[in-house]
Amino acid sequence: MSKVLLVTGAAGFIGANFVLYWMEKYPEDKVIALDALTYAGNRANLAAVEDNTNFTFAHVNILDEPVIEALLKDHNVDTIVHFAAESHVDRSITEPDAFLETNIIGTHSLLKAARQVWIEKGLHPSDHRFHHVSTDEVYGTLSPTDPAFSETTPYAPNSPYAASKAASDHLVRSYHHTYGLQVSTSNCSNNYGPYHFPEKLIPLVITNILFNKALPIYGDGQQIRDWLYVEDHARGIDLVLEKGVVGETYNIGGINEWANIDIVKLICKLVDEYFANETELVQRFAKATAAIAGQSESLITYVKDRPGHDRRYAIDPTKANDILGYQPQESFETGIRKTIAWYLNNEQWWQAVMDGSYQDWVSKQYGQS
Ligand code: NAD
Ligand code: DAU
């Protein structure tokens, strides 16, 4: 049976990739793409589906509970997939308030609206789903020899961002146990791919190489992250919606741990290769003199560490593998090449998102524009 989805944070990195994935795979479903269009939200990410008659964009803040209730009723929504969040750890360290507002109060506002419309007003008393998209950061940090995070690892969030996501996970859980809301939660590892905002490590490194700017490595660069191609995250959420048990949580990841310095060196090598093989790049990105010379690595610069920087994240995806049959489809080798190619081919996209308030943030963070 076809669904009506409300996707929050739909103009952000993962939300947009999810909407594009979903509308291609389930063309009969209706999608209401909701987003407040903060600095991280970009309606252009959804351009490919804007003209689809099953697509509606709602420029709405998740804090606006009456408007969310009206949307749920008016569109007869039966499924919420909740991505909307403040998502950048560095920003949560310098300006935490927005993280508490959106990630905690905003998630609660959505939960209240869903409960009100689906359960209290009886629109979909049992055949509804509230899927909450969360992160591995709620589990804290691992030593090099610790086992990867499983669904039973105790929560130990270390940044204001992680703490706000942990709080939202607990609220979602409580609405199931207390009010019977049909919820599920997925905790995913670091995503990468198209439409990734260039304040995050992978797109920052790619775009900085193209401007011939320093590639900032926090601390010793030996921190480890577990990278998953964004479409494989969308696929995981799809499976949780299809086969996941209500009230349960699922860790999504692809067993792909990399030290930051190694991933940055790999990107440098691959960008240099693209420049060596595609001569038109030399004209298009004339500023990228290090890449043109095959020496992007020379841009690597060690900078002050992130306060409270988590040393290692790693997801144990056994539960999702065994119960949902989840397996990522993209290898890192192909995914990172695809991603670099996407940034090389979509200069207009990243130039546009780098304008405006993002520049103020870069100046504050690095003292450069
Ligand atoms: P993003 O910052 O790229 O996008 C967030 C989107 O939410 C933006 O479009 C923004 O405009 C919107 N938004 C922010 N506040 C809002 C509000 N109050 N009301 C409505 N919309 C609002 O983030 P992302 O990387 O796409 O992450 C999406 C979700 O996935 C987040 O919940 C994040 O915690 C989670 N997650 C991210 C990763 C990752 O590697 N990026 C990994 C695991 C989980
Ligand atoms: O693990 C999932 C999380 O991954 C998500 O919940 C977050 O929303 C998402 O932003 C991401 O958080 P990280 O802090 O891991 O991602 P970020 O890209 O900011 O940084 C990745 C690693 O690279 C981290 O160890 C910090 C480091 N780093 C980052 C930047 C931006 C640098 O060394 N230099 C940089 O300039």
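The values are calculated or read from the model by the stated rules, or taken from the named source; none is laboratory data. Since we're looking at a predicted model, the values are computed, not measured. Every residue, glycine as well, gets a Cβ built from its backbone with ideal geometry; the counts of neighbours run over all protein chains shown. For accessibility, only protein heavy atoms count, side chains too; no ligands or nucleic acids. Shrake-Rupley method; radii C 1.70, N 1.55, O 1.52, S 1.80 Å.
Some points to look at:
- With one equal scatterer per alpha carbon and no solvent term, the Debye-computed log10 I(q)/I(0) for the stretch 135-277 at 0.11, 0.13, 0.16, 0.20 1/Å reads -0.51, -0.69, -0.97, -1.32.
- Hits among aspartates and glutamates - C-alpha to C-alpha of K265 under 13 Å, sequence gap 8 or more where chains match: E273, E297
- DSSP beta bridge pairing in the chain, given as percent antiparallel to the nearest 5: 10 percent
- Highest-first packing order for the peptide set 205-218, 141-154 is 205-218, 141-154, based on the mean count of other beta carbon atoms within 10 Å.
- Rounded to the nearest 10 degrees, the angle from helix 260-277 to the longest Cα principal axis of the chain is 60 degrees.
- For the residue pairs K30/K269; K30/K243; K30/K112, the C-alpha atoms sit more than 31 angstrom apart in K30/K269.
- Overall form of the chain: prolate. Here a/c, set by the Cα gyration tensor axes a ≥ b ≥ c, is 1.5 or more, and a/b is the larger of a/b and b/c.
- Point-charge dipole on Cβ atoms (K/R +1, D/E -1) for the chain, about Cα centre, debye to 20: 260 debye
- Relative contact order, percent, the stretch 218-341 [alpha-carbon distance under 8 Å, six or more residues apart]: 43 percent
- Average accessible surface area per residue within the stretch 219-369, 1.4 Å rolling probe, Å²: 47 Å²
- Cα convex hull of the stretch 1-142, projected area averaged across orientations, nm²: 9.3 nm²
- The mean accessible area for residues of the stretch 103-158, using a 1.4 Å probe and ignoring ligands and nucleic acids, is 41 Å² per residue.
- For Q223, the residues whose modelled amide H falls within less than 5 Å of its own, excluding neighbours fewer than 5 places apart on the same chain, are N260, I261.
- Calculated over the stretch 161-243: convex hull of Cα atoms, volume per residue (Å³): 123 Å³
- Value of relative contact order over the chain, rounded to a whole percent, pairs C-alpha under 8 Å and six or more apart: 17 percent
- Computed [θ] at 222 nm, deg cm²/dmol, the chain (DSSP H ≥ 4; -39,500 (n - 2.57); rounded to nearest 500): -11500 deg cm²/dmol
- Spin-label model, R173 to K243: label points 7 Å out along the Cα-to-beta-carbon direction sit 2.4 nm apart.
- Degrees, to the nearest 10: 230-243 long Cα axis against longest axis of the chain: 20 degrees
- Residue-wise HN-Hα couplings along the stretch 342-350, as the Karplus relation 6.51 cos²θ - 1.76 cosθ + 1.60 with θ = phi - 60° gives them from phi, are 4, 5, 5, 8, 10, 4, 4, 4, 6 Hz; Gly and Pro carry x.
- Semi-axis lengths, Å, the stretch 78-212, gyration tensor of Cα atoms, sqrt of 5 times eigenvalues: 30, 18, 14
- Mean separation of Cα contacts under 8 Å, 6 or more apart, over the residue count of the stretch 130-188: relative contact order %: 52 percent
- Across the accessible surface of the chain, with the other protein chains kept in place and a 1.4 Å probe, carbon and sulfur atoms take up 51 percent.
- Highest mean packing comes first when the peptides 172-178, 303-309 are listed by Cβ atoms within 10 Å, giving 172-178, 303-309.
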